[in-house]
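Asker: Take a look at the following structure, please.
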Amino acid sequence: MNKKIKVLAISTSPRKNGNSEILLNSFLKGAEEKNAEIEIIRLSELNIKPWLKPDYNTNSFNSLDEKNIYTELKNADIVVISSPVYFASLPAQLKALIEQAQPIWNDRVFNNINYRNKMADGYFLCVEGSNNKIFFENAKREIKVFFKTVNINYIDDVFCYQVNDVGDINKKKVTLYRAYEIGKISVDQFLSNDHAVK
């Protein structure tokens, strides 16, 4: 492989090394074994705010951190988002980041302007403390809309139930191995997929 495949990993939990980040690390281990270039962004360490602008100016981010993340989104080949479930959906940090795509959605829908020149591949890893599949569906629906807005194909996901305390997911060996395998496969899958903008 001449060019390294760039994987952008976005960890959205405020708890560093929590269950969703452990799941993410399993995915990234698989991708690293395929010689992918990995970049990890932890939203809890950055200045991310809700959409506060009165207009749809694409350059109108709240902070430099938000602008930098969207630049990385534009340049990545593979994007993987890991998240816990909060109140039946996504945590506030991730919701706030997604809201910054409002002007991008506006350009795409009303002006036929795409954010990227080629499609990326996207993956969603999600954990929750209960056993309610509807919560995952809520979170998945939002991630799918976000990915579509920024020209990312939703390829696959890993959901893990009943993990609440730090490290609970380490008991879910099958789930961790599945994330690892998907991460490993993701590089080859990207190379074989069609990335024409849709």
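Asker: Residues of the stretch 83-119 being in contact with a Phe, Trp or Tyr (Cβ under 8 Å, 6 or more places away or on another chain) and over 20 Å from residue 61 (Cβ atoms), which ones?
Answerer: 83, 85, 88, 89
Asker: Scan the stretch 163-187 and report the pairs whose first residue is over 15 Å from residue 19 (Cβ atoms) and in contact (Cβ under 8 Å) with a residue 60 or more places away in the chain and whose second residue is among the β-branched types (Val, Ile, Thr) and not in a loop (DSSP other than H, G, I, E, B), with Cβ atoms within less than 6 Å and a gap of 6+ or a chain change.
Answerer: Cβ pairs passing all conditions: 186/78.
Asker: Would you check which residues across the stretch 179-193 are under 19 Å from residue 126 (Cα atoms) and crowded, with 18+ Cβ neighbours inside 10 Å and list them?
Answerer: If the condition is that a residue be under 19 Å from residue 126 (Cα atoms) and crowded, with 18+ Cβ neighbours inside 10 Å, then 179, 180, 182, 183, 184, 186 are the ones that fit.
Asker: Continuing with the same structure: So residue 155 ticks every box in (1) under 25 Å from residue 16 (Cβ atoms); (2) not in a helix (DSSP H, G or I) but one. Which box is left unticked?
Answerer: With (1) under 25 Å from residue 16 (Cβ atoms); (2) not in a helix (DSSP H, G or I) applied to residue 155, the lone miss is (1).
Asker: Consider residue 67 carefully, then state whether it is surrounded by fewer than 21 Cβ atoms within 10 Å (Cβ to Cβ) and part of a loop (DSSP other than H, G, I, E, B).
Answerer: no
Asker: Among (1) hydroxyl-bearing (Ser, Thr, Tyr); (2) touching a residue at least 24 places away in the same chain (Cβ under 8 Å); (3) over 18 Å from residue 20 (Cβ atoms); (4) surrounded by fewer than 13 Cβ atoms within 10 Å (Cβ to Cβ), which single condition is residue 149 missing?
Answerer: Of everything listed in (1) hydroxyl-bearing (Ser, Thr, Tyr); (2) touching a residue at least 24 places away in the same chain (Cβ under 8 Å); (3) over 18 Å from residue 20 (Cβ atoms); (4) surrounded by fewer than 13 Cβ atoms within 10 Å (Cβ to Cβ), residue 149 misses just condition (4).
Asker: Restricting to the stretch 71-88, give me the number of residues that are outside any loop (DSSP other than H, G, I, E, B) and surrounded by fewer than 17 Cβ atoms within 10 Å (Cβ to Cβ).
Answerer: Going through the stretch 71-88 one residue at a time, the tally reaches 4.
Asker: Here's something else I'd like to know. Among the listed residues 35, 59, identify the single one that is assigned to a loop (DSSP other than H, G, I, E, B) and modelled with pLDDT of 90 or more.
Answerer: 35 is the lone residue from the list that is assigned to a loop (DSSP other than H, G, I, E, B) and modelled with pLDDT of 90 or more.
Asker: Is at least one residue of the stretch 115-126 more than 25 Å from residue 194 (Cβ to Cβ), touching a Cys at 6+ places or on another chain (Cβ under 9 Å) and at pLDDT 90 or above?
Answerer: So far as the stretch 115-126 goes, yes, one or more of its residues are more than 25 Å from residue 194 (Cβ to Cβ), touching a Cys at 6+ places or on another chain (Cβ under 9 Å) and at pLDDT 90 or above.
Asker: Something else about it: Please work out if residue 166 is assigned to a helix (DSSP H, G or I), of a type outside the set (Phe, Trp, Tyr) and surrounded by fewer than 16 Cβ atoms within 10 Å (Cβ to Cβ).
Answerer: no
Asker: Of the residues 196, 120, which is of a type in the set (Gly, Ala, Ser) and crowded, with 16+ Cβ neighbours inside 10 Å?
Answerer: Result: 120 is the single residue among 196, 120 that is of a type in the set (Gly, Ala, Ser) and crowded, with 16+ Cβ neighbours inside 10 Å.
Asker: Looking at residue 161, is it under 25 Å from residue 5 (Cβ atoms), of a type in the set (Ser, Thr, Tyr) and in contact with a helix residue (DSSP H, G or I) (Cβ under 9 Å, 6 or more places away or on another chain)?
Answerer: No; evaluated as a whole, the condition is false for this residue.
The values are calculated or read from the model by the stated rules, or taken from the named source; none is laboratory data. No experiment lies behind these values; they were computed from the predicted model shown. Note that we place each Cβ from the backbone using ideal geometry, even for glycine, and neighbour counts take in every protein chain shown.
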